[in-house]
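The next block holds one structure in the form of structure tokens; read it before the comments.
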Amino acid sequence: MSAASTIDPAEVAKFQAMAEEWWDPKGKFRPLHLMNPCRLDYITSQIAGEFGRDLTAPRAFDGLRLLDIGCGGGLLSEPMARLGADVTGADAAERNIPVARVHAETQGLRIDYRHTTAEALAAEGERYDVVLNMEVVEHVADPLAYLTACQQLLKPGGLMICSTMNRNTKSFAMAIIGAEWIMRWLPKGTHDWAKFITPDELYDLIGRAGLDPVDRKGMVFNPVSWRWSLSSRDLTVNYVTASVKR
């Protein structure tokens, strides 16, 4: 498999252009800053459950090797490092890496940030207990090949957390019309609605990639409280899944 077989250069270029704004909570990545507490709630609870960790412990994830694919500026890598995980942050957009490195240094965190791809890491023989695969699969050229590389990156018994966006009229209205055209949270064209993936399609792809899906939840935005929350029933727009490598 080519080390860059799933990379879509046009998608990478979109995030290259926004690299300097990763840590501005009012900038182009405002939606991710707002969503981050909800994402972290799901991620930490799934990791704790799968590996028998106590989240009240100061370094609950000590001894776990974790890969954050599509790490961007490190919005998820940093809290995972604070919980004690040995974190690798990987991104295909080269300009994201120095931004992430500098910010981690200012926080006193040691994170192995690399400009690379899932396929390249798998080819190098890298293996992890946990792979975070958040809001990436809808941006790649070949979702099945990409998820297969993520499966190869997991140790037996490893856990992958994967989030993306559902494909329906509501997701088009909220993610494209609302977030890009009206609210202008993101530049127009950041998302390609045709690349969105339904929960059933993602479960099928995860299974075909060699993983066992074990959970999925919706992530729902409340426009009154301006907060995100997890939902067992509402997967109509944003949703997140957990799967394991038996």
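List of remarks:
- Between the listed residues Pro156, Met35, Asn222, the Cα displaced farthest toward the positive end of the dipole of the chain, a dipole computed from Cβ unit charges relative to the Cα centre, is found at Asn222.
- Of all beta bridges that DSSP places with both ends in the chain, some 50 percent have antiparallel geometry.
- Three-way shape label, the chain, alpha-carbon gyration tensor, a/c 1.5: rounded
- Difference of contour (0.36 nm per residue) and Cα-Cα distance, Asp62 to Ser229: 57.4 nm
- Remark: the chain carries 44 Å² of accessible area per residue (probe radius 1.4 Å; ligands, DNA and RNA excluded).
- Region 99-179 shape via C-alpha gyration tensor axes, a/c threshold 1.5: oblate
- Projected label distance in nm at His115 and Glu201, using a 7 Å step from Cα toward the beta-carbon: 3.2
- Net charge over other residues, Cβ less than 11 angstrom from the Cβ of Val237 (K, R count +1; D, E count -1): +1
- Near Leu64: Cβ cut-off under 9 Å, other residues only, Lys/Arg at +1 and Asp/Glu at -1. The net charge is -1.
- Eligible aspartates and glutamates near Lys217 by straight Cα distance, threshold 20 Å, same-chain separation 8 or greater: Asp41, Glu50, Asp68, Glu135, Glu138, Asp200, Glu201, Asp204, Asp234
- Solvent-accessible area, 1.4 Å probe, carbon plus sulfur percent, for the chain: 54
- Along the chain, the longest continuous region that contains none of the GluC sites (Glu not before Pro) in a DSSP loop with at most 12 other C-beta atoms within 10 Å is 125-246.
- Taking a ≥ b ≥ c as the square roots of the Cα gyration tensor eigenvalues, region 1-136 comes out oblate, since a/c reaches at least 1.5 and a/b does not exceed b/c.
- Taking a Cβ cut-off of under 11 Å around Tyr146, the surrounding Lys, Arg, Asp and Glu residues balance to a net charge of -4, with basic ones at +1 and acidic ones at -1.
- Each Cα pair under 8 Å and six or more residues apart adds its separation to the average, and for the chain the resulting relative contact order is 19 percent.
The values are calculated or read from the model by the stated rules, or taken from the named source; none is laboratory data. Note that the structure is predicted; figures quoted are calculated from it, not measured. Cβ atoms come from the backbone with ideal geometry, glycine included; neighbour counts cover every protein chain shown. Remember, those area values only see protein heavy atoms, side chains included, never the ligands or the DNA or RNA. Shrake-Rupley method; radii C 1.70, N 1.55, O 1.52, S 1.80 Å.
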